[in-house]
Amino acid sequence: MTERTKNKSIKQLIQSTVAAVQMDIRLKPDSSGVNMSYNFILDYVGFDTQRLQQARNEMQTHIPLHEYIKILTLHELGHAVDREALMDSLPRTMEIYEMKKKHPFHQQYENLELLEMIIEEHKMNILFEETAWINAEELNRIYRIVDWHSFEKVKTHSLSTYQELYEQDLALYDRLVAESGEPAAS
């Protein structure tokens, strides 16, 4: 199968999954290096066909590509279901984004106040990811798109990536708090 044919096939698979759950959302191919993402501001699902294939291959458990794509599509649609909450988070998300632009990377990880903002961002991201997976589960329960075994494998793998980054930064934060002698923020 040529690369062009494979890319077309992946896009059709995403489109058919969206149609199967009776949602109307724009799809936008991109080459950002992110396998799939939901842009809640512009209300579309972006997908990188190359990264989708690579990400699937990075999983410990083999999941057929077509199942993996359907599962991730359900997940991104789960974000779309939660769009209002995502929009409500925009002011704080922008504050954190501006902080990251304003301060060099090393400074963000050396300053307790800045690192607290990064920890807060992790917590928000994990909550949104968990909610999207709950919504994806409901879509799959209603429309029976993929088998539950594969769904759970992809969900667990996906959530673990967010959790691992959070735990790494939280450990650094805890170490900095202990070194400073200051009480930790709640």
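Going through (1) at pLDDT 95 or above; (2) assigned to a helix (DSSP H, G or I); (3) over 19 Å from the mean Cα position of the chain (by Cα); (4) not basic (Lys, Arg) one by one, residue 145 falls short only on (2).
Is at least one residue of segment 39-46 over 26 Å from residue 89 (Cβ atoms) and among the hydrophobic types (A, V, I, L, M, F, W, C)? No: segment 39-46 contains no residue that is over 26 Å from residue 89 (Cβ atoms) and among the hydrophobic types (A, V, I, L, M, F, W, C). Checked across segment 144-162, the condition of being open to solvent by less than 60 Å² (accessible area, probe 1.4 Å), over 16 Å from residue 117 (Cα atoms), polar (S, T, N, Q) and touching a residue at least 12 places away in the same chain (Cβ under 8 Å) holds for at least one residue. Here residue 168 passes the criteria (1) under 18 Å from the mean Cα position of the chain (by Cα); (2) of a type outside the set (A, V, I, L, M, F, W, C); (3) within 30 Å of residue 44 (Cα to Cα) except the one numbered (3). Taking first residues from segment 102-118 that are at positive phi and in a helix (DSSP H, G or I) and partners that are polar (S, T, N, Q) and open to solvent by 70 Å² or more (accessible area, probe 1.4 Å), no Cβ contact under 8 Å between residues at least 6 apart in sequence or on separate chains turns up.
For segment 114-132, the criterion of a residue being in contact with a Gly (Cβ under 7 Å, 6 or more places away or on another chain), surrounded by 14 or more Cβ atoms within 10 Å (Cβ to Cβ) and aliphatic (A, V, I, L, M) is satisfied by at least one position.
Specify the residue that is least open to solvent (accessible area, probe 1.4 Å); the eligible residues are those in segment 22-75 that are in a loop (DSSP other than H, G, I, E, B) and closer than 16 Å to residue 8 by Cβ. Steps first, please.
The initial filter retains those residues of segment 22-75 that are in a loop (DSSP other than H, G, I, E, B), namely 22-25, 30-35, 40-43, 48, 59-64.
Add one more test, that the residue is closer than 16 Å to residue 8 by Cβ, and what stays is 30-31, 48.
Numbers: 30: 53, 31: 107, 48: 13 Å².
Applying the filter and picking the extreme gives 48.
The values are calculated or read from the model by the stated rules, or taken from the named source; none is laboratory data. Model, not experiment: these values are computed from the prediction. Heads up, the Cβs are rebuilt from the backbone with ideal geometry, glycines too, and the neighbour counts pull from every protein chain shown. Side chains included, ligands, DNA and RNA excluded: accessible areas come from the protein's heavy atoms. Shrake-Rupley method; radii C 1.70, N 1.55, O 1.52, S 1.80 Å.
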